[in-house]
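**Q** Sharing a structure here in structure tokens format.
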Amino acid sequence: MRQSTLFGSTLRDVPAEAEAASHRLLLRGGYIRQLAAGVYSYLPLGWRVLRRIERIVREELDRAGAQELLMPALQPAELWRQSGRYEAYGPELVRLRDRHDREFALGPTHEEVITSLVASEIGSYRKLPVTLYQIQTKFRDERRPRFGLLRGREFLMKDAYSFDLSEEGLERSYEAMRQAYNRILSRCGLAFKLVEADGGTIGDAGGTHEFIALASIGEDTVVSCESCDYAANLEQAQARDFPLAQTENFGTVADNDACPRCAEGKLRLTRGIEVGHVFRLGTKYSEALQARATDSSGEERTLLMGCYGIGLSRLLAAIAEQRHDERGLVWPQSLAPYHAHIIPVSAKNEVQRHIAEQLYDRLTDFGFEALLDDREERAGVKFNDSDLLGIPVRLVVGKEAEQGKVELVFRDGRGGGVYSTEEAVNRLQ
Ligand code: ATP
Ligand code: MG
Ligand code: MG
Ligand code: MG
């Protein structure tokens, strides 16, 4: 990609209300633009990162045996009435009417649709277990959309649903998803904690886990033990592990409190962003929407469900939140919009231009995606923009170009160096 033609430009200033670093940097870098509160366009750079996240998600879910499908965002209110959620969901549910005055909702999640689909498609144990997923735009009329992609009103989610005949089956499906999530988030280069959480309003079977990205801007609080594997979200810790009477701080868990699990370690409270959530749903939706199947002895059973969500657009912002410095973003290689940024220092220098073009072709030949800064800009402007965009590897074509050499610079500060163009290319392979 030639930067002179790249759609979307870098910005010096962003609106004062952009409080989160990820929000500011994604706006400044030309990754996203706001259309309305909590509603964003992904410009080509942002879309490339999002597609890389999607790809990792697909690879890991497919590997775990889940199957991808796509369900409608537009959902009849009738279906939501059957599950009892049309009223219960509250003002976060976007409701609308069609020209015949029939009521609809824009899906904030898809338990109703998937359960009715499975109810009509599966009648016997032979087709079970099954885990289905989609990557789709969700709508939630959040009370306080904020922090850019972290809390949007329209956002991209991967939601998966498992269907089993037995408790043991549900456990296996749940565990498979939990492991897939671990792998997805690790491949995305995220620092996260897996914590015990309560079910909120979706589940009735209890026992859910959240994947929390560690970040000071996060709206969630994680309580974890320094000595054992205890980690819970604050609500869960308070409600389940610290009944009022036992805490010294009038019901508030605090730093240095004793761990309720091992009693030896001290607790630490840290802020984080919920990026993923896995639930055991049990029969809440399959009961209401009559999703049943006969088992191997011919007996009819209500299916046991699990549901599993990752906010892909939120994950993108959470990674940006963790991986940046004062100059800009610092993408991991697995997610960067381009793998390498080629910068001829002087746009007017023929030799530099030639070598930069050669590098660009060589990298393209072996499938390395490069961004070539072919703009007629001062070197300082190019370097500042490059820092802001956060592409992990930079190939600077400057004075040494006369000797056929280029400088390799890593955005995260790892040691680079001056190499012949051949050697520089080899080092990237
Ligand atoms: P939160 O507690 O932050 O409101 P949630 O518990 O309501 O999130 P879930 O219903 O568990 O969210 O949805 C699954 C995932 O979808 C979340 O873990 C999160 O990554 C993502 N998500 C939820 N709401 C939003 C939002 N408004 N904007 C972006 N991503 C979201
Ligand atoms: Mg919510
Ligand atoms: Mg939550
Ligand atoms: Mg949740």
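The values are calculated or read from the model by the stated rules, or taken from the named source; none is laboratory data. As the structure is a computational prediction, the values presented were derived from the model and not from experiment. A quick note on method: Cβ atoms are made from the backbone with ideal geometry, for glycine too, and the neighbour counts reach across all protein chains shown.
**Q** Within 24 Å of residue 319 (Cβ to Cβ), crowded, with 17+ Cβ neighbours inside 10 Å and out of contact with any His (no Cβ under 6 Å at 6 or more places or on another chain), is that true of residue 410? Before the answer, list the steps.
**A** Numbers: within 24 Å of residue 319 (Cβ to Cβ): yes; crowded, with 17+ Cβ neighbours inside 10 Å: no; out of contact with any His (no Cβ under 6 Å at 6 or more places or on another chain): yes.
No.
**Q** So, one more: Would you say residue 234 is away from ligand 2 (no atom under 16 Å from the Cβ), out of contact with any helix residue (DSSP H, G or I) (no Cβ under 6 Å at 6 or more places or on another chain) and not small (Gly, Ala, Ser)? Reasoning before the result, please.
**A** Values: away from ligand 2 (no atom under 16 Å from the Cβ): no; out of contact with any helix residue (DSSP H, G or I) (no Cβ under 6 Å at 6 or more places or on another chain): yes; not small (Gly, Ala, Ser): yes.
Here the answer is no, as residue 234 does not meet what is asked.
**Q** A further question follows. In the list 426, 349, 384, which residue meets the criterion of being within 26 Å of residue 22 (Cβ to Cβ) and among the polar types (S, T, N, Q)? Give the derivation first.
**A** Numbers: 426 fails: within 26 Å of residue 22 (Cβ to Cβ); 349 fails: within 26 Å of residue 22 (Cβ to Cβ).
Every option except 384 fails the conditions.
**Q** Just name the residue that is surrounded by the fewest Cβ atoms within 10 Å (Cβ to Cβ) out of those in the stretch 149-190 that are over 27 Å from residue 35 (Cβ atoms) and acidic (Asp, Glu).
**A** 168
**Q** Would you be able to tell me the number of residues in the stretch 403-420 that are at pLDDT below 95 and in a helix (DSSP H, G or I)?
**A** 0
**Q** Pairs please, first residue from the stretch 340-354 and farther than 15 Å from residue 424 by Cβ, second anywhere and charged (D, E, K, R) and in a strand (DSSP E or B), Cβ atoms under 7 Å, 6+ apart in sequence or on different chains.
**A** Within 7 Å, no pair qualifies.
**Q** OK, next. Check whether at least one residue in the stretch 300-322 is under 21 Å from residue 117 (Cα atoms) and free of Cβ contacts under 8 Å to residues at least 60 places away in the same chain, and report yes or no. Show your work before the answer.
**A** Just the residues of the stretch 300-322 that are under 21 Å from residue 117 (Cα atoms), to begin with: 300-309.
In the following step, the residues that additionally are free of Cβ contacts under 8 Å to residues at least 60 places away in the same chain were identified as 300, 302.
Yes: the stretch 300-322 contains one or more residues that are under 21 Å from residue 117 (Cα atoms) and free of Cβ contacts under 8 Å to residues at least 60 places away in the same chain.
**Q** Among the numbered criteria (1) within 28 Å of residue 141 (Cα to Cα); (2) surrounded by fewer than 14 Cβ atoms within 10 Å (Cβ to Cβ), which single criterion is violated by residue 22?
**A** In the conditions (1) within 28 Å of residue 141 (Cα to Cα); (2) surrounded by fewer than 14 Cβ atoms within 10 Å (Cβ to Cβ), residue 22 misses (2) alone.
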